[in-house]
1. Hey, any hits in segment 127-145 for a residue that's in contact with a Pro (Cβ under 8 Å, 6 or more places away or on another chain), touching a residue at least 40 places away in the same chain (Cβ under 8 Å) and surrounded by 16 or more Cβ atoms within 10 Å (Cβ to Cβ)?
2. For segment 38-50, state whether one or more residues are in a strand (DSSP E or B), crowded, with 19+ Cβ neighbours inside 10 Å and at pLDDT below 75.
3. Which residues, taken from segment 203-216, are out of contact with any Pro (no Cβ under 9 Å at 6 or more places or on another chain) and either farther than 18 Å from Asp271 by Cα or in a helix (DSSP H, G or I) (or both)?
4. Just to verify a result, which residue in segment 233-267, among those that are in contact with a strand residue (DSSP E or B) (Cβ under 9 Å, 6 or more places away or on another chain) and at pLDDT 95 or above, is farthest from Arg203 (Cα to Cα)?
5. From Ala124, Ala119, grab the single residue that is in contact with a Gly (Cβ under 9 Å, 6 or more places away or on another chain), hydrophobic (A, V, I, L, M, F, W, C) and free of Cβ contacts under 8 Å to residues at least 40 places away in the same chain.
6. So for segment 189-202 (the condition being closer than 30 Å to Leu79 by Cβ, in contact with a helix residue (DSSP H, G or I) (Cβ under 9 Å, 6 or more places away or on another chain), part of a loop (DSSP other than H, G, I, E, B) and hydrophobic (A, V, I, L, M, F, W, C)), does at least one residue qualify?
7. Restricting attention to segment 234-265, which residues are under 13 Å from Pro192 (Cα atoms) and either hydrophobic (A, V, I, L, M, F, W, C) or out of contact with any Pro (no Cβ under 7 Å at 6 or more places or on another chain) (or both)?
8. Quick one: is Phe204 assigned by TED's automatic domain parsing to the domain that holds Arg251, surrounded by 19 or more Cβ atoms within 10 Å (Cβ to Cβ) and either without any contact (Cβ under 8 Å) to a residue 12 or more places away in the chain or among the aromatic types (Phe, Trp, Tyr) (or both)?
Amino acid sequence: MPLLDPTALARLLALPLNARQAMLGNVSGRHRSPVKGSSLEFAQYRKYVPGDDTRRLDWRTWGRSDRFYIKEFEADTNLRLCLIVDASGSMDYPDPAPGKRTRMDLARQLAASLAYLAAHQGDAVGLWGVGADHRQKIPSKRGATHLNLVIDQLTSLQPKGETTLIESLHTAAEEIRQRALVIVISDFFVEPAELKSAIQHLRFRRHDVALFHLLAPEEIDFNFDRPARFVDLEGAEPMLIDPSLVATRYREVVRAYLTAIDTLVRDTAIDYHRILLQENPEEILARFLLSRLQKKSR
């Protein structure tokens, strides 16, 4: 299954990938920086001090006040995109639709497309593949060669074993030194309280965090109508279950879990997208990019 759809990407390129808060980078770019510079957007006046660039003196203010003031502008910078992709066993869950795209397939497609969109607008891209057998860390860099490395690593990710998501998010918070847009793609089958702690760690480090929560409809609705053998993709023993005996309790637990996730989102002010496996990747990404146009803030 190809990770990049050229036709879809051509349409998505009309929408920029924006950061919702100020970023820090090494080169001039399209994203607002907390550092004052010399772009077109005015920030503030400050008093002239010896050594300042006299070309930035505001002569109209001097004419009115007989005092020297410097005009400061918001500096634009490049964005660092850090993609954290869950590669635990549960990501191998298949969409029952024809072709059987798995949760991992959708995660790869979304991550690869986001990497391409960021690289196309001159931003740096990095990748963390997290799981029992995958702990790749590709630092964020710019350029076509680096993008190819990220795509290759995404292709090689194979879902297996128990999740290491919480541990990896804490590690990422410590190791990603400069502000970044951190996009986490996972089924988030972890305790909401532990996930909240990890997200708060990332937010404390001033990262712009977005979660792509990939779920199958039957994981929410539990619409099974006959006894079945349920297999834990992360290694626990399979169980033979009569759905009629557990459906009510299962739905209660899932509702409580999703409510806890919604509360986490409100408390941490992150960008959250709940996605069903049968959704079209282009529509998912268009919705994400449009939401960032509407909510962009400092």
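The values are calculated or read from the model by the stated rules, or taken from the named source; none is laboratory data. Quick caveat: nothing in here was measured; it's all calculated off a predicted structure. FYI the Cβ positions are ideal-geometry reconstructions off the backbone, even for glycines, and counts take in every protein chain you see.
1. Looking through segment 127-145, at least one residue is in contact with a Pro (Cβ under 8 Å, 6 or more places away or on another chain), touching a residue at least 40 places away in the same chain (Cβ under 8 Å) and surrounded by 16 or more Cβ atoms within 10 Å (Cβ to Cβ).
2. No, that holds for no residue.
3. Hits for segment 203-216 are Arg203, Phe204.
4. Checked segment 233-267; the qualifying residue farthest from Arg203 (Cα to Cα) is Leu258.
5. Ala119
6. Yes, the conditions are met somewhere in segment 189-202.
7. Residues satisfying the conditions are Val253, Val254, Arg255, Ala256, Leu258, Thr259, Ala260, Ile261, Asp262, Thr263, Leu264, Val265.
8. no
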